[in-house]
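Have a look at the structure below before the remarks.
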Amino acid sequence: MERLTRSLAIGLLVALALECLGVASGLRFNGTKSFPEGFYLVTGKDAKKGDLVFVSLPSSPVLDMAKERGYLNVAYSPTPHLLKRLAGVSGDRVTINETGVEVNGIRLANSVPLICDGAGRPLQPFLLAQYVLGPGEDLVMSEYSPDSFDSRYFGPIPASTIESVATPLLRFQ
């Protein structure tokens, strides 16, 4: 039994070391369905509209709800990260309503807010009508998945919460 415990402990330490090495080298793991699960390389370049980005949301009741419901299984780290598309930036006009999300009058794919999640728990869209994103405000979305937890539920985010630009490296879907 002691040998098994020691083997498990060593295995966990090796896994933790590999995770730390991966994060330090710019490797991140996406474990949600917002974009294909897998490994992504990140860079420190400035994010531009259309880029795939890793985001760390500021503390809020919506973030607390997302944590409780398990929406943030993105990376094995203490800080939950989201992988999203940078869909709107300062100066863009945004509408979020029951028919979906529009940026500058263009409806985004898979953007209709859901009334409940896959477990039947209610969801509340962050409604906006012709809202112009201000300096330092961004909109993040997923065109890949209609089930994504994104700005249609938490609204615009501070641009400072975008941590890095991501490029797919190895996807499992």
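The values are calculated or read from the model by the stated rules, or taken from the named source; none is laboratory data. Just so you know, these numbers come straight off a predicted model, no measurement behind them. Note that we place each Cβ from the backbone using ideal geometry, even for glycine, and neighbour counts take in every protein chain shown.
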| request: Pick out the one residue from GLY136, GLY100 that is in contact with a helix residue (DSSP H, G or I) (Cβ under 9 Å, 6 or more places away or on another chain) and within 26 Å of LEU41 (Cα to Cα). | output: GLY136
| task | Assess whether SER59 counts as being assigned to a loop (DSSP other than H, G, I, E, B), out of contact with any Gly (no Cβ under 7 Å at 6 or more places or on another chain) and modelled with pLDDT under 85. | result | yes
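For (1) over 21 Å from PHE39 (Cα atoms); (2) buried (at least 16 other Cβ atoms within 10 Å of the Cβ); (3) modelled with pLDDT of 95 or more, each residue gets a yes or a no:
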site: GLY70; (1), (2), (3): no, no, no
site: THR79; (1), (2), (3): no, no, no
site: LEU86; (1), (2), (3): no, yes, yes
site: TYR131; (1), (2), (3): yes, yes, yes
site: GLU137; (1), (2), (3): yes, yes, yes
site: ARG152; (1), (2), (3): yes, yes, yes
| said: Take the conditions at pLDDT below 85 and either surrounded by 11 or more Cβ atoms within 10 Å (Cβ to Cβ) or touching a strand residue (DSSP E or B) at 6+ places or on another chain (Cβ under 8 Å) (or both) and apply them to THR32. Does it pass? | reply: yes
| query | When you scan the stretch 71-173 for strands (runs of 3 or more DSSP E) that lie fully inside it, which ones turn up with 1 or more residues that are under 17 Å from GLY50 (Cα atoms) and β-branched (Val, Ile, Thr)? | reply | 93-97, 100-103, 137-141, 162-171
| Using beta carbons and a limit of 7 Å, which pairs, at least six apart or on different chains, have the first residue in the stretch 158-173 and in contact (Cβ under 8 Å) with a residue 12 or more places away in the chain and closer than 11 Å to GLY26 by Cα and the second one assigned to a strand (DSSP E or B) and of a type in the set (S, T, N, Q)? | SER164/THR43; VAL165/THR43
